[in-house]
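Asks: Just passing along the structure, written as structure tokens.
The values are calculated or read from the model by the stated rules, or taken from the named source; none is laboratory data. Remember, it's a predicted structure, so these values are computed and weren't measured experimentally. Here the Cβ positions follow ideal geometry from the backbone for every residue, glycine too, while neighbour counts run over all protein chains shown.
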Amino acid sequence: MQNRKGIDIFEHSSNKNFEQINTIIGHFFNLKESVYFKMNSDDYRDIVVSAQKKLNSINIIKKTIKNISEELFYALDTDKILVQSLAYLRATRPSNVKSGEFIQFHRESFFGKGMEKCFNVWTPIKGVSEKNSLNIIPMSHRIPLSKIKLKRKDSKFTKRYSAGHKIGLLYKDMIITSGVDLKKKTPLVVKKNHSAVFECNLIHGSAENKTNKIRFSYDFRIIRKKDYNKNMFKKQNFASGKDYFIEL
């Protein structure tokens, strides 16, 4: 994208997707929220996995791209893109109830080569506000990776190949120790029926839920075909069992 800030927000051309999504959320999360607050992490994450599978079964990625395609393709200067083979559902409980349901500040290139060429598509669904939204560090996509110091450690909350791993939580954390002023964090405020599209090098995360409601959103990555080199990416997405990026 040519946007100097590395982020754009696009309105969906139709709200039918959101009607479908909210119906799915209502089906899988049909009890009082207090019931989910008391669940252990494994049981709760199993529910999120089931809801995520249903969202992907209705081709939520394709529908999202279709609804923002006019502005998105203009911003990318191409309509030739590949998409992640799975959208992740984020269903983050209040942080004072359970921990480990959000990802620390990061950029995708911390976890693999080629990711600096990608873009994240992030869409709020329900219960998202400034108090629990995804946070970004403005202009951080311009910080050279060589300037950032990291500490790698195993996650306390997510094991490899677990339900948490299937919903996009990390089994190994990459903690930023220097090179980025995390005090500059800013909540990503996105209106209803809109999606944010931002460069994967923009440092983001820390979507800690400081409300008393579950926060729902979904996200996936895209890449221009001209920037894609299959040898630089994982062969498969663990949760989808397909190539990491696929044809739209």
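Asks: So in the range 30-48, with the set limited to residues that are among the basic types (Lys, Arg) and assigned to a helix (DSSP H, G or I), which one is nearest to ILE167 (Cα to Cα)?
Replies: Within the range 30-48, the subset among the basic types (Lys, Arg) is 32, 38, 45.
Now narrow it down to the ones that are assigned to a helix (DSSP H, G or I): 38, 45.
Details: LYS38: 20, ARG45: 8 Å.
If we take residues in the range 30-48 being among the basic types (Lys, Arg) and assigned to a helix (DSSP H, G or I), then ARG45 is nearest to ILE167 (Cα to Cα).
Asks: Of all the residues that make up the range 137-147, how many are surrounded by fewer than 17 Cβ atoms within 10 Å (Cβ to Cβ) and either in a helix (DSSP H, G or I) or of a type outside the set (A, V, I, L, M) (or both)?
Replies: Initially, the range 137-147 is screened for residues surrounded by fewer than 17 Cβ atoms within 10 Å (Cβ to Cβ), giving 138-139, 142, 144-147.
From the residues that got through so far, the ones that are either in a helix (DSSP H, G or I) or of a type outside the set (A, V, I, L, M) (or both) too are 138, 142, 144-147.
Selection size over the range 137-147: 6.
Asks: Here's something else I'd like to know. Going by the structure shown, is GLY179 of a type in the set (Gly, Ala, Ser), surrounded by fewer than 21 Cβ atoms within 10 Å (Cβ to Cβ), more than 16 Å from the chain's Cα centre (by Cα) and closer than 29 Å to GLU19 by Cβ? Give the steps one after another, and end with the answer.
Replies: Working: of a type in the set (Gly, Ala, Ser): yes; surrounded by fewer than 21 Cβ atoms within 10 Å (Cβ to Cβ): yes; more than 16 Å from the chain's Cα centre (by Cα): yes; closer than 29 Å to GLU19 by Cβ: no.
Answer is no for this residue.
Asks: Restricting the range 182-226 to residues that are under 26 Å from LYS38 (Cβ atoms) and of a type in the set (Val, Ile, Thr), which is surrounded by the most Cβ atoms within 10 Å (Cβ to Cβ)?
Replies: Checked the range 182-226; the qualifying residue surrounded by the most Cβ atoms within 10 Å (Cβ to Cβ) is ILE214.
Asks: Still on this structure: Among the residues of the range 74-88, is any among the acidic types (Asp, Glu) and at positive phi? If you could, list the steps in order and put the result at the bottom.
Replies: Within the range 74-88, the subset among the acidic types (Asp, Glu) is 77, 79.
Still in the list and also at positive phi: 77.
Within the range 74-88, one or more residues are among the acidic types (Asp, Glu) and at positive phi.
Asks: Turning to a different aspect of this structure: Please state which one of VAL121, VAL48, VAL128 is within 27 Å of THR177 (Cα to Cα), touching a strand residue (DSSP E or B) at 6+ places or on another chain (Cβ under 9 Å), modelled with pLDDT of 95 or more and not hydroxyl-bearing (Ser, Thr, Tyr).
Replies: VAL121 is the lone residue from the list that is within 27 Å of THR177 (Cα to Cα), touching a strand residue (DSSP E or B) at 6+ places or on another chain (Cβ under 9 Å), modelled with pLDDT of 95 or more and not hydroxyl-bearing (Ser, Thr, Tyr).
Asks: Now for a different question. Do any residues in the range 172-199 that are on the phi < 0 side of the Ramachandran plot have Cβ atoms under 7 Å from those of residues that are surrounded by 18 or more Cβ atoms within 10 Å (Cβ to Cβ) and of a type in the set (Asp, Glu), where the two are at least six apart or on different chains, and which pairs are they?
Replies: These pairs meet every condition: VAL197/ASP8.
Asks: Taking ALA51, is it in contact (Cβ under 8 Å) with a residue 24 or more places away in the chain, assigned to a helix (DSSP H, G or I) and touching an Asp or Glu at 6+ places or on another chain (Cβ under 7 Å)? Quick ask: steps written out before the conclusion?
Replies: On the way: in contact (Cβ under 8 Å) with a residue 24 or more places away in the chain: yes; assigned to a helix (DSSP H, G or I): yes; touching an Asp or Glu at 6+ places or on another chain (Cβ under 7 Å): no.
In short, no.
Asks: Report, by residue number, each residue of the range 92-128 that is assigned to a strand (DSSP E or B) and among the hydroxyl-bearing types (Ser, Thr, Tyr).
Replies: Just the residues of the range 92-128 that are assigned to a strand (DSSP E or B), to begin with: 92, 106, 119-126.
The answer is THR92, THR123.
Asks: Within the range 68-114, which residues are farther than 16 Å from GLU247 by Cα, hydroxyl-bearing (Ser, Thr, Tyr) and without any contact (Cβ under 8 Å) to a residue 60 or more places away in the chain? Write out each step before concluding.
Replies: Taking the range 68-114 first, the residues farther than 16 Å from GLU247 by Cα are 68, 70-72, 74-77, 88-114.
Narrowing the set further to residues that are hydroxyl-bearing (Ser, Thr, Tyr) leaves 74, 88, 92, 95, 99, 109.
Within the range 68-114, TYR74, SER99 meet the criteria.
Asks: State all residues of the range 115-152 that are without any contact (Cβ under 8 Å) to a residue 60 or more places away in the chain and closer than 24 Å to TYR244 by Cβ; if no residue qualifies, say none.
Replies: LEU145, ILE148, LEU150, ARG152 - these are the residues of the range 115-152 that are without any contact (Cβ under 8 Å) to a residue 60 or more places away in the chain and closer than 24 Å to TYR244 by Cβ.
Asks: Scan TYR218, TYR161 and give me the residue that is out of contact with any Phe, Trp or Tyr (no Cβ under 6 Å at 6 or more places or on another chain) and at pLDDT below 95.
Replies: Numbers: TYR218 fails: at pLDDT below 95.
Testing whether each residue is out of contact with any Phe, Trp or Tyr (no Cβ under 6 Å at 6 or more places or on another chain) and at pLDDT below 95 leaves just TYR161.
Asks: Give me the residue from the range 2-27 that is outside any strand (DSSP E or B) and surrounded by 17 or more Cβ atoms within 10 Å (Cβ to Cβ) and, out of that set, modelled with the lowest pLDDT.
Replies: Taking the range 2-27 first, the residues outside any strand (DSSP E or B) are 2-6, 12-27.
Those still in the list that are surrounded by 17 or more Cβ atoms within 10 Å (Cβ to Cβ) too: 6, 12, 17-18, 21, 24-25.
Values: GLY6: 87, HIS12: 97, ASN17: 92, PHE18: 95, ILE21: 97, ILE24: 98, ILE25: 98.
The extreme case among them is GLY6.
Asks: Sticking with this one: I'd like the residue in the range 73-87 that is over 16 Å from the mean Cα position of the chain (by Cα) and either small (Gly, Ala, Ser) or more than 25 Å from ILE167 (Cβ to Cβ) (or both) and, out of all such residues, is surrounded by the most Cβ atoms within 10 Å (Cβ to Cβ).
Replies: Filtering the range 73-87 down to residues over 16 Å from the mean Cα position of the chain (by Cα) leaves 73-82.
Those still in the list that are either small (Gly, Ala, Ser) or more than 25 Å from ILE167 (Cβ to Cβ) (or both) too: 73-80.
Working: PHE73: 14, TYR74: 14, ALA75: 16, LEU76: 19, ASP77: 10, THR78: 13, ASP79: 14, LYS80: 12.
By that ranking, first place goes to LEU76.
Per-residue answers, yes or no, for (1) among the aliphatic types (A, V, I, L, M); (2) within 23 Å of ASN201 (Cα to Cα):
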| site | (1), (2) |
| --- | --- |
| GLY6 | no, yes |
| ASN17 | no, no |
| THR23 | no, no |
| LEU31 | yes, no |
| SER50 | no, no |
| ILE58 | yes, no |
| GLU70 | no, no |
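Asks: Out of the strands (runs of 3 or more DSSP E) lying entirely within the range 148-248, which hold 1 or more residues that are among the basic types (Lys, Arg) and touching a strand residue (DSSP E or B) at 6+ places or on another chain (Cβ under 9 Å)? Full working, then the answer.
Replies: Values: elements: 149-154, 172-178, 194-199, 215-224, 245-247.
The qualifying strands (runs of 3 or more DSSP E) are 149-154, 172-178, 215-224.
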